[in-house]
1. Search the stretch 88-122 for residues being in a helix (DSSP H, G or I) and touching a strand residue (DSSP E or B) at 6+ places or on another chain (Cβ under 8 Å), and hand back the single one that is surrounded by the fewest Cβ atoms within 10 Å (Cβ to Cβ).
2. Does residue 85 fit the bill of being more than 29 Å from residue 27 (Cα to Cα) and surrounded by fewer than 17 Cβ atoms within 10 Å (Cβ to Cβ)?
3. Given the condition in a helix (DSSP H, G or I) and either at negative phi or assigned by TED's automatic domain parsing to the domain that holds residue 142 (or both), answer yes or no: does some residue in the stretch 2-9 qualify?
4. Considering only the stretch 49-61, I want to know if a residue exists there that is over 17 Å from residue 185 (Cα atoms), modelled with pLDDT of 95 or more and touching a helix residue (DSSP H, G or I) at 6+ places or on another chain (Cβ under 8 Å).
5. Assuming residue 301 fulfils every condition listed in (1) modelled with pLDDT under 95; (2) within 15 Å of residue 346 (Cα to Cα) apart from one, which condition is it?
6. What's the total number of residues in the stretch 18-71 that are within 25 Å of the chain's Cα centre (by Cα), at negative phi, crowded, with 17+ Cβ neighbours inside 10 Å and in a loop (DSSP other than H, G, I, E, B)?
7. So, in the stretch 229-253, how many residues would count as being in contact with a helix residue (DSSP H, G or I) (Cβ under 8 Å, 6 or more places away or on another chain) and more than 18 Å from residue 24 (Cα to Cα)?
8. For the stretch 196-210, which positions are assigned to a loop (DSSP other than H, G, I, E, B) and within 17 Å of residue 240 (Cα to Cα)?
């Protein structure tokens, strides 16, 4: 099976596996325990915190270890709900991941306003600038790279606007981190990351918090993480996450990867008349291709047939799979439900090869031919 669903999850990087095994063997203590075994575990967490802070460009004390992106986003939105004025509004992009949109709707309801995007799926910065001049929201949330389309968002520019108007800014950087350089993200007030998106283990992530002021905890029951997240820290998984991220950051050459993607797209459009690349003129992640397939069959049938041919692909967000409603991302981009029902997403990893792109194209042509012959 050739795997083209890296935006959903990735395999464990060898460096992460080695770090996890070593930590389980040598760091058995609870980091909160007062004895030397506990102190060694706590020291390992401190070192990992310092490494991550160096990668992001922030202070080590700004880092909170979490179970992943969903928990991190819920911390941010629950914190905002508890600390903002009762009538405060928040602005969230219409293409955010469900782990941000769901708690935003839960906590703010009618006080949640969705920021529009262009047809290419890029945040409308002019709209945001105009809104910030008219009123001051309690929080602005913008994903760094969209998980479905791969379209890169102007998070730096959005953060600068928010800073100029003294508005807190939350960046879901889950798809960005491990694929593009992470330095600079630490300037944002809140940043979330998830290990399993870049070769770390599942069930661990982090939240970068503001350097000043208290963050209200979502989980209660202990003083861990400076009172911002109760519960015994998962030391082996944290160390494995940092090992994977350091490995990715050390070998982040994207030019050839972008060329592989571009070559695939060119040949795909030639081979399948009627196909369309979603967000094709916008800057995108080097690993992601969302294709509006020819109007011949539904996306699920494509997925099933490609799976039988030995290729794992997806229709978009793994957290939204199985739902009947069309993708909210494509809806925000002005796509119709009929179009949204025909999209496939192909997402590669650092170990993916040009030959695998070639094999996928051949399989798509074969499946399309079989469908046309019915």
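1. 105
2. yes
3. The answer is no; no qualifying residue exists.
4. Looking through the stretch 49-61, none of the residues is over 17 Å from residue 185 (Cα atoms), modelled with pLDDT of 95 or more and touching a helix residue (DSSP H, G or I) at 6+ places or on another chain (Cβ under 8 Å).
5. Tallying (1) modelled with pLDDT under 95; (2) within 15 Å of residue 346 (Cα to Cα), residue 301 fails exactly one: (2).
6. Count: 2.
7. Residues that pass the stated criteria total 5.
8. In the first step, residues of the stretch 196-210 are kept if they are assigned to a loop (DSSP other than H, G, I, E, B); the result is 198-204, 209-210.
The answer is 198, 199, 200, 201, 202, 203, 204.
The values are calculated or read from the model by the stated rules, or taken from the named source; none is laboratory data. Keep in mind that this is a model prediction, so the values were computed, not measured. Please note: Cβ atoms are built from the backbone with ideal geometry, for glycine as well, and neighbour counts cover all protein chains shown.
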